[in-house]
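A short write-up of the structure that comes next.
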Amino acid sequence: MLKLEGKIRNRSAQIGIVGLGYVGLPLAMAFSEAGFKVLGFDVQQKRADWVNQGHSYIADVSAERLQTAIAHNLKATTEQSRLKETDAVCICVPTPLTKTKDPDLSYVISESEEIAKYLRPGQLIVLESTTYPGTTREVVLPILERSGLKAGADFYLAFSPERVDPGNKDYSIRNTPKIVGGIDLPSTKLAKLLYQQVAESVIPVSCPEVAEMTKVFENVFRSVNIALVNELAQLCERMGISVWEVIAAATTKPFGYMPFYPGPGIGGHCIPLDPYYLANKAREHDFHTRFIELAAEINEGMPYHVTSRITEALNARGRSLNDARVLVLGVAYKKDVEDVRESPSLKLIELLQDKGATVKYNDPYIPKIRLPRGELTSVKLTKQNLSSADCVVIATAHSCYNMDEVITQAKLVFDARGATRGLKGDNIVRLGE
Ligand SMILES: NC(=O)c1ccc[n+]([C@@H]2O[C@H](COP(=O)([O-])OP(=O)(O)OC[C@H]3O[C@@H](n4cnc5c(N)ncnc54)[C@H](O)[C@@H]3O)[C@@H](O)[C@H]2O)c1
């Protein structure tokens with residue numbers, strides 16, 4: 001313990017970050033900027049090369065910052081044998097779902113196997129990937145112990161969930177409190193000390209299971225609240241009330257309320273996936289997480305609901321969706337990011353195409369998308385493209401979109417994000433109204 005503690009305190013510890021994606025690359029930058037030698041690992045050669053060339057592929061990390069880090073103390077590699085050079089390893093690999101929406105821990109498992117090959121006494125291993133409670137102790141620990149070393153006695157092991165919010169300019173690793181839960185007290189203390197070098201506030205919890213559950217609970221909380229407001233939006237449509245006005249009014253309450261907004265569905269690598277990790281694990285305990293299932297049902301139904309509303313809006317103007325020209329604005333899963341993972345816009349376009357619409361899209365962040373019916377390329381947001389569409393759908397309201405211009409040019413605007421609220425036009429139809 002003392003050796004690694006001293007090395008963290010005097011910043012001579014070498015930090016290994018495994019998985020240089022949305023989570024791993026910003027974390028690698030944070031340790032590098034705190035003065036640590038950082039070795040980033042990725043299975044994709046091109047990612048390791050890009051990092052070493054100072055070419056950033058993650059919007060939250062500027063090329064300038066990356067180049068400074070490369071010149072000082074950050075290197076990337078695909079050679080897992082170099083794990084033995086590191087003193088602490090943070091695992092930031094993907095935790096997707098299988099086609100049947102079961103947890104796919106294959107990345108966590110294969111990386112744990114790699115780490116086990118090179119594990120040496122005194123190392124600290126921290127899992128950051130979002131997963132169900134029990135993964136660190138039941139899955140990672142036994143694999144690491146195949147090395148012959150014992151957790152707690154020979155090496156330290158903890159779980160510390162990443163809370164990065166891509167595109168958020170107010171909260172970064174530094175000012176977002178970090179939760180750590182080790183398999184024993186020394187592991188928790190070391191993990192706490194490690195993250196204190198890059199985060200202003202580190203909150204230790206009693207065990208990895210609490211830390212794992214905290215992360216999934218945070219994401220379930222968002223999923224459930226978004227589902228609640230998506231359901232309310234549908235009720236407001238029936239009752240002739242504007243959900244947007246209701247949310248704005250409710251938001252004036254200074255306590256006991258926090259706003260969530262309806263939309264065409266949920267996306268990203270976290271909210272649509274992580275609740276299933278918990279739901280799946282709960283079944284091992286003969287427990288059914290009804291809120292999770294219900295929220296998923298409502299949220300996953302939203303692209304279908306939006307498709308119906310677009311159909312109705314076209315019908316009301318004597319047009320059918322079949323053969324209609326639809327221009328979708330925004331395919332990223334949320335505004336101002338370049339990430340399409342699980343984006344509800346993709347499902348929406350697929351459904352519109354299934355109904356016979358000819359769909360084009362614009363997204364300044366996403367040049368191409370791949371769909372079951374083939375690839376689409378982002379079109380320019382010209383007067384011609386806006387005015388020739390039978391319906392322009394605001395699916396992701398990027399800040400750069402000029403809504404006045406969209407409303408002026410388009411024949412019909414279906415606004416699935418409330419981006420036009422406050423603006424007037426007979427050609428606007430909004431979700432939740
Ligand atoms: N993206 C987010 O906003 C976010 C937020 C909080 C938590 N998380 C969680 O963090 C984890 C990582 O998510 P992400 O968005 O950074 O994923 P990502 O796909 O952007 O990055 C993962 C990287 O890991 C690499 N990788 C896969 N297997 C590897 C291995 N064995 N060794 C080395 N590299 C490997 C991939 O090539 C990829 O570059 C997930 O569990 C996710 O749920 C993500």
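The values are calculated or read from the model by the stated rules, or taken from the named source; none is laboratory data. Quick caveat, the model's predicted, so the values are computed rather than measured. All Cβ positions, even for glycine, are placed from backbone atoms using ideal geometry, and neighbour counts span all protein chains on display. The area values use the complete protein model at the heavy-atom level, side chains included, leaving out ligands, DNA and RNA. Shrake-Rupley method; radii C 1.70, N 1.55, O 1.52, S 1.80 Å.
Once backbone amide H atoms are built at 1.01 Å from N, Ser56 has Ala63 as its partners under 5 Å, excluding neighbours fewer than 5 places away on the same chain.
Can you give me the angle between helix 63-72 and the longest principal axis of the chain, using Cα atoms only, in degrees from 0 to 90, rounded to the nearest 10? On a 0 to 90 degree scale, this one is about 10.
The residues of region 298-345 present an accessible area of 41 Å² per residue when probed at 1.4 Å with all protein chains retained. The protection proxy used here, the mean number of other Cβ atoms lying within 10 Å of each residue, ranks peptides 177-190, 240-253, 394-407 as follows, highest first: 177-190, 394-407, 240-253. Using the Cβ of Val359 as centre and a radius below 15 Å, the other residues enclosed give a net charge of +2, where K and R count +1 and D and E count -1. Here the accessible area is traced with a 1.4 Å probe on the protein chains. For region 238-350, carbon and sulfur cover 56 percent of it. Straight-line cross-link partners of Lys3 among the lysines, defined as a Cα under 19 Å from its Cα and at least 8 positions apart when in the same chain: Lys37, Lys84, Lys150, Lys189, Lys192.
Centre-to-centre separation between the Cα atoms of region 353-388 and those of region 272-350: 18 Å. Length available on full extension from Lys117 to Lys253: 0.36 nm per residue minus the Cα-Cα distance, which gives 43.4 nm. Using only Cα atoms and rounding to the nearest 10 degrees, what angle (0 to 90) does helix 106-118 make with the longest principal axis of the chain? Computed tilt is about 20 degrees. Sequentially through region 250-265, phi angles give Karplus couplings (6.51, -1.76, 1.60; θ = phi - 60°) of 5, 5, 6, 6, x, 9, x, 8, 9, x, 10, 10, x, x, x, x Hz, Gly and Pro residues having no value and appearing as x. Computed from Cα positions, the angle between helix 185-196 and the longest principal axis of the chain comes to roughly 60 degrees. Most tightly packed first, judged by the mean number of other beta-carbon atoms within 10 Å of their residues, the peptides 29-38, 165-174 read 29-38, 165-174.
Relative to one another, the C-alpha centroids of region 58-101 and region 150-209 are positioned 17 Å apart. The residue among Gly134, Tyr365, Asn280 whose Cα reaches farthest toward the positive pole of the charge dipole of the chain, with charges on the beta-carbon of Lys, Arg, Asp and Glu, is Tyr365. When each of the peptides 307-319, 12-24 is scored by the mean number of other C-beta atoms lying within 10 Å of its residues, the order from highest to lowest reads 12-24, 307-319.
Taking amide H as placed 1.01 Å from N in the peptide plane, Ile125 has its amide H under 5 Å from the amide H of Val89, Tyr156, Leu157, Ala158, each at least 5 places away in sequence or on another chain. Counting charges near Cys391 (Lys, Arg +1; Asp, Glu -1) among other residues having Cβ under 10 Å from its Cβ returns a value of +3. Taking amide H positions as modeled 1.01 Å from N, with prolines and chain starts lacking one, the residues under 5 Å from Phe41 and 5 or more places away or on another chain are Ile17, Val18, Gly19, Thr77. Applying the Karplus relation 6.51 cos²θ - 1.76 cosθ + 1.60 with θ = phi - 60° to region 276-289 yields 3J(HN,Hα) values of 5, 4, 6, 4, 5, 5, 4, 5, 4, 9, 6, 10, 10, 7 Hz, where x marks Gly and Pro.
Surface composition of region 2-90: carbon and sulfur atoms hold 50% of the protein heavy-atom accessible area at a 1.4 Å probe. With contacts taken as Cα pairs under 8 Å at a separation of at least 6 residues, region 319-433 carries a relative contact order of 26 percent.
Other residues whose C-beta falls under 11 angstrom from the C-beta of Thr130 contribute a net charge of -3, scoring Lys and Arg +1 and Asp and Glu -1. Working from Cα pairs under 8 Å separated by at least six residues, relative contact order for the chain is 11 percent. Our helix-only sum for the chain, with -39,500 (n - 2.57) per DSSP H run of n ≥ 4 divided by its residues, gives a mean residue ellipticity at 222 nm of -12000 deg cm²/dmol.
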